[in-house]
Amino acid sequence: MHAFSIPENLNAQTPAEIARGRRDQVRLMTIDKDQQLFHNNFNEIDQFLNPGDLLVLNNSRTIPPVLEASQGKHTFEIRLSRKRSSTSWEALVVGDFLAIDRPIQLEEKVEAIITGHGSEPPLVTLEFSISGSNLLDFIYRNGEPVRYEYIHRPFSLDTYQTVYGSVPGSVEMPSAGRAFTWGLLEKLKRKGVRLAFIQLHAGLSYYEKDRWPNPNNHPEAFCVPEATAELIQDTRRTGNRVIAVGTTVVRALESAVTSHGEVEPIEGTTRLYVDEGYTIAAVDGLLTGFHEPEASHLHMLTAFLPKKKLMSAYHQALEKGYLWHEFGDMNLILK
């Protein structure tokens, strides 16, 4: 992927509803099937969607995965990444800590111990002294949202949710759907655009110190319900388009494609990596944010669009001052 750099002033630091009054007051760059570029406001997305098209959204809800921890006099941060069992999570430990075989102290006298490696370095597996809903309640009471260095002040957990997120599990917001308001979703439904939901619980997208997940070894839990699989097949039969809201939706739906090219209901863990060599079978378009050059999400976009065209569009987005990251502007790519 050609390198490009994002100027400091294009890192979105404030959610649109705080800066401009509503979530849908971000910009939209659309690349249509003829690879023409259009520049609009996000609340005009209905111009690019037809009656009968199906928007597939990820209804995973964001949890606050950043926990303060200590071992003796050493304090450090734990960032949860993926749930392994009712008592166990893969996590990133940020800061110095003492010993692998000694308990880690958390709030409320809860303890954790490192039991092994995670799916890839530098993740580790943590076993907690509480389990199930007690552990989830503890995380909600004591955790904070992940906040990367381009966001200069803390925002509440609600800021890191989509309006329709309903199933807790993502440690970072599936942010492609963040700009939707209930009003805009209603407007689309009135036009005849249909909505369906999958779940994919997003893990950490960055491991600090210029380390990113290896996209070939980044397992995430997902579920494609029967109703969604049926709506996708129905949309296909009627010659309409399936539009994924986010790279997480592409990953889930492509993981559910059978050898006959149909999407089936499925629940499990996916390690699928989509890049330019991958043939997309389940979706006809993707709504996503703008991705930094090191992110594997950017490689996924080359399965929808030739790399040269994608880079040309990204350079135009930089020239026109589009904003990057989870509070930033949006990009609709139609195959």
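The values are calculated or read from the model by the stated rules, or taken from the named source; none is laboratory data. Nothing here was measured: the structure is a model prediction, and the numbers come from that model. When we count neighbours, we look across all protein chains shown, and the Cβ atoms used for this are built from the backbone with ideal geometry, even at glycine. For accessibility, only protein heavy atoms count, side chains too; no ligands or nucleic acids. Shrake-Rupley method; radii C 1.70, N 1.55, O 1.52, S 1.80 Å.
Using a 1.4 Å probe on the protein heavy atoms, what percent of the accessible area of the range 59-132 belongs to carbon and sulfur? In the range 59-132, the share of accessible area belonging to carbon and sulfur is 50 percent. Picking from N142, L204, T162, whose Cα lies most toward the positive end of the charge dipole for the chain (charges on Cβ: Lys, Arg +1; Asp, Glu -1)? Looking along the dipole axis, the top candidate is T162. Seen against the Cα atoms of the chain and their longest principal axis, helix 226-237 is set at about 20 degrees. Computed from the C-alpha gyration tensor, the three semi-axes of the ellipsoid equivalent to the range 184-233 are 32, 16, 8 Å, from longest to shortest. Counting protein heavy atoms only, the range 135-235 has 51 percent of its accessible area on carbon and sulfur, 1.4 angstrom probe.
Per-residue 3J(HN,Hα) values for the range 282-291, derived from phi via the Karplus relation 6.51 cos²θ - 1.76 cosθ + 1.60 with θ = phi - 60°, read 9, 10, 10, x, 9, 9, 8, x, 9, 10 Hz in sequence order (x marks Gly and Pro).
From the square roots a ≥ b ≥ c of the eigenvalues of the alpha-carbon gyration tensor of the range 134-237, which class results: rounded (a/c under 1.5), prolate (a/b over b/c), or oblate? Cα axes put the range 134-237 in the prolate bin. Please check: in the Gaussian network model of the chain (C-alpha springs, under 10 Å), which one of Q13, Q161, Q71 has the largest mean-square fluctuation. Top of the fluctuation ranking is Q71. The magnitude of the dipole of the chain, with charges of +1 and -1 set on the Cβ of Lys/Arg and Asp/Glu and taken from the Cα centre, is near 680 debye. The angle between the Cα long axis of helix 182-191 and the longest principal axis of the Cα atoms of the chain comes to about 30 degrees, rounded to the nearest 10.
Estimated translational diffusion coefficient (Stokes-Einstein, Kirkwood radius over Cα pairs, 10 °C, 1.306 mPa s) of the range 148-197: 124 µm² per second. Under a 5 Å amide H cut-off, with hydrogens placed 1.01 Å from N, I198 pairs with L57, N58, N59 among residues at least 5 apart or on other chains.
According to the Kirkwood relation over distinct C-alpha pairs, the hydrodynamic radius of the range 110-170 is 14.2 Å. The mean accessible area for residues of the chain, using a 1.4 Å probe and ignoring ligands and nucleic acids, is 44 Å² per residue.
Basic side chains Lys and Arg get +1 at the Cβ, acidic Asp and Glu get -1 at the Cβ, and with that the dipole of the range 1-129 about its Cα centre reaches some 140 debye. Over the range 78-199, the pair-distance histogram of Cα-Cα distances with 10 Å bins from zero comes to 11, 35, 30, 16, 7, 2 percent, rounded to whole numbers. In the chain, Cα pairs under 8 Å separated by at least six residues give a relative contact order of 24 percent. Set against the 2.2 N^0.38 Å expectation for a compact globular protein, the range 252-335 has a Cα radius of gyration ratio of 1.20. Using only alpha-carbon positions in the chain, the gyration tensor eigenvalues give semi-axes of 34, 22, 19 Å once each is multiplied by 5 and square-rooted (largest first). The tail of the calculated P(r) for the range 1-101, taken as Cα-Cα distances beyond 20 Å, holds 68 percent of the pairs.
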